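Accompanying notes for the structure given below.
We did not get these values from a lab; they are worked out from the coordinates using the rules stated. Nothing here was measured: the structure is a model prediction, and the numbers come from that model. Every residue, glycine as well, gets a Cβ built from its backbone with ideal geometry; the counts of neighbours run over all protein chains shown.
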Amino acid sequence: MKSEPKYRYPEPIKIENRQWPSRIIEKAPIWASVDLRDGNQALPIPMNPEKKLEYFQMLCRIGFKEIEVSFPAASQDDFDFVRRLIGENLVPEDVRITTLTQMRENLIDRTVQSLVGVNRAVLHAYLATSDLHGRFVFGLTREELKKRAVEGTIMTRDILAKYDMLDKVAYEFSPEEFTDSDLDFVIDVCAAVKEAWGKAPKRGFILNLPATVERRPPNQYADMIEYFCNKFPGRDEVTVSLHAHNDQGCAVAATELALLAGADRVEGTIFGHGERTGNVDIAVLALNLQSRGVETGLDFSHMAEIVRIVEDNSGIEVHPRHPYAGQLVFTAFSGSHQDAIRKGMDERRETSEFFHQGWKMPYLHIDPADVGREYEKLIRINSQSGKGGVVFLLEKEYGIFPPKAMHPEIGRAVQNFVDKSGGEVDSSMLLDIFRNNFVNITGPYSMSGYTRASNSIGDLVGVEFVWHENDRSWELASSGNGPLSAVVNALRKADILPGFVLEDFCEKTMGSSADAKALAFVGVRMKEDGKIFYGAGEHSNIDRAAVGALVSALNRAARAKEAEKAAK
């Protein structure tokens, strides 16, 4: 058997008189968000209807006029969400919602049912056209694939006609795995699909050409789009759409080049959420164009609020180095960078006249104010500093690595200090704020006489200790799969505390010497109101650091409850 190489460079596209490299993007494409379909389906915990609605309304505020909202035939939740948008008149008049379906009659019918009563919509159907899928996944020849695409299109048209919705619903066809497919075959399939659909306005018929799995370099995606646009019959009668994935980290570049090659429309997600490495990041792509003077029609001037909604509803944090939304991207760490930016700010009028543009700044390619931000120096922390900057300094200066879920609490503690004291906080003050608010916190609860019990058996660890609440004390003992678990079990059995659940635990040795201390973090969720409180414990004994963190967390919860009572 002949040995084949494991990987091969993709075959270049044979294209005559290539035009796209010499073009520039002068106007924005049609933007189509697929956050609520691609970005939702790929989440560890998909959004519930309320989160999807909040996300949908955010997308409308940003300025998206086309939003793919669900796969109605895939679940009752998705179907109900579309019905809610339509039934409660939640879709703005200038917005088209899109629903996705596979090319099967029962799925198409279910999808059309979800759209009954809509004013404007797009029905998006897809079928893989690559030999990899057609031959080895579906077991179909190319002709059989083409026949299925045509029959599915006719079926879609007939079902829309049955519900008297042909004049309200546009059609979008995606030859899935476009970049893995034979170009001439894809053109043949798309032409047959267009003929089967019949006459339609340009915005009423969309051919979406996806890089379903990014295997080619960006310039080859552009070549394929230019080739398609040149060869497709009736190009002026269809909207050519892009849908790039980010498997090789090039989705933004590939999409920009493919727009130069003649595409009209871009599908993607805010911050690039989606399956595997995600879709093209529309925030990055749109703000790239804005930074080059292209009016995009999208408003990212309230980026902090957008980040909050995306993080809260997706459960995925935005990377601190995200080009426009990251906490650290408009921050200069080094003195030389800070000095250059300061001088650039002072010389804004002169640089504007010299370069004939309003913004030209050392190290800042876009004005942070355009996304609701400010240029920040992280050497000092002030009232404008986010939790990312605060925690970064703790990590960088002191080797303190709190769990991510604790970051907002640390940020609030610093913010409260700054609000009361004013001015800035240097790194030593930041450490004091952290210790005073989280480490070995005193309160109504304390512990003494902690020892590991001699009756530890197998994997179970036994502990004994005296628990104190103000002037009352209890001698307790129990076992668990670790010292902290044993302490928690003992407290629960004694039933002397408000109900709580151990939500988070991590520990780290500070330093490498023999007398190095351990720092532990514990998060507890109080059953009464569901609030989470974090505490830290520092001790030369790693077990004592962990139980100290638990005591700190419970004392912080007790303090918060007392403060709440006092405020009423």
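Here are a few things to note about the model shown:
- Whether the stretch 243-305 is rounded, prolate or oblate, judged on the alpha carbon gyration tensor where a/c under 1.5 counts as rounded: oblate
- Positive-pole candidate from Ala332, Ile282, Ile306, dipole of the stretch 223-350, charges at beta carbon: Ala332
- Order by protection proxy (mean Cβ within 10 Å, highest first), peptides 545-552, 217-224, 74-81: 545-552, 217-224, 74-81
- Backbone geometry of the stretch 465-470 corresponds, through the Karplus equation with coefficients 6.51, -1.76 and 1.60 at θ = phi - 60°, to 3J(HN,Hα) couplings of 6, 10, 9, 10, 10, 6 Hz, x marking Gly and Pro.
- Rounded to the nearest whole Hz, the Karplus-based 3J(HN,Hα) values (6.51 cos²θ - 1.76 cosθ + 1.60, θ = phi - 60°) of the stretch 12-26 follow the sequence x, 8, 7, 10, 8, 6, 3, 10, 4, x, 9, 8, 10, 7, 9, with x at glycine and proline.
- In the chain, taking the dipole from charged Cβ atoms about the Cα centre, the farthest positive-side position among Ile341, Val150, Ser114 is held by Ile341.
- For the listed residue pairs Lys14/Lys231; Lys162/Lys202; Lys65/Lys168; Lys493/Lys561, the alpha carbons are over 18 angstrom apart in Lys162/Lys202; Lys493/Lys561.
- Taken about its Cα centre, the stretch 107-211 carries a charge dipole of roughly 480 debye when the Cβ of each Lys and Arg holds +1 and the Cβ of each Asp and Glu holds -1.
- Close amide-amide hydrogen proximity is noted between Ser478 and Val463, each under 5 Å apart and 5 or more residues distant or on a separate chain (H modeled in the peptide plane; Pro and chain starts excluded).
- Remark: C-alpha extents of the stretch 119-276 on the principal axes read 44, 36, 30 Å, sorted largest to smallest.
- For the stretch 214-354, convex hull volume per residue from C-alpha positions, Å³: 166 Å³
- Unit charges at the beta carbon, dipole of the chain: most positive-side option, Pro210, Thr451, Gly422: Thr451
- Residues whose placed amide H lies under 5 Å from that of Ala244, excluding near-sequence neighbours: Ala211, Glu267, Val280
- Close amide H pairs (under 5 Å, H built 1.01 Å from N) link Met103 with Tyr126, residues at least 5 positions away or on another chain.
- Residue-wise HN-Hα couplings along the stretch 74-82, as the Karplus relation 6.51 cos²θ - 1.76 cosθ + 1.60 with θ = phi - 60° gives them from phi, are 7, 7, 5, 4, 5, 4, 5, 5, 5 Hz; Gly and Pro carry x.
- Mean projected area of the convex hull spanned by the Cα atoms of the stretch 285-368, taken over all viewing directions: 6.4 nm².
- Sorting 180-191, 493-504 by average packing, meaning the other beta carbons within 10 Å per residue, from highest down gives 180-191, 493-504.
- Within the stretch 11-107: Cβ-based charge dipole about Cα centre, in debye rounded to nearest 20 (Lys, Arg +1; Asp, Glu -1): 280 debye
- The spacing between the stretch 511-568 and the stretch 152-209, judged by their C-alpha centroids, is 59 Å.
- Here the chain is treated with +1 on each Lys and Arg Cβ and -1 on each Asp and Glu Cβ, and its dipole about the Cα centre works out to around 220 debye.
- Summed over qualifying helices (DSSP H, 4 residues or more, each -39500 (n - 2.57)) and divided by its residue number, the chain shows a 222 nm mean residue ellipticity of -12500 deg cm²/dmol.
- For the chain, the spread of Cα positions along each principal axis, largest first, Å: 85, 65, 63
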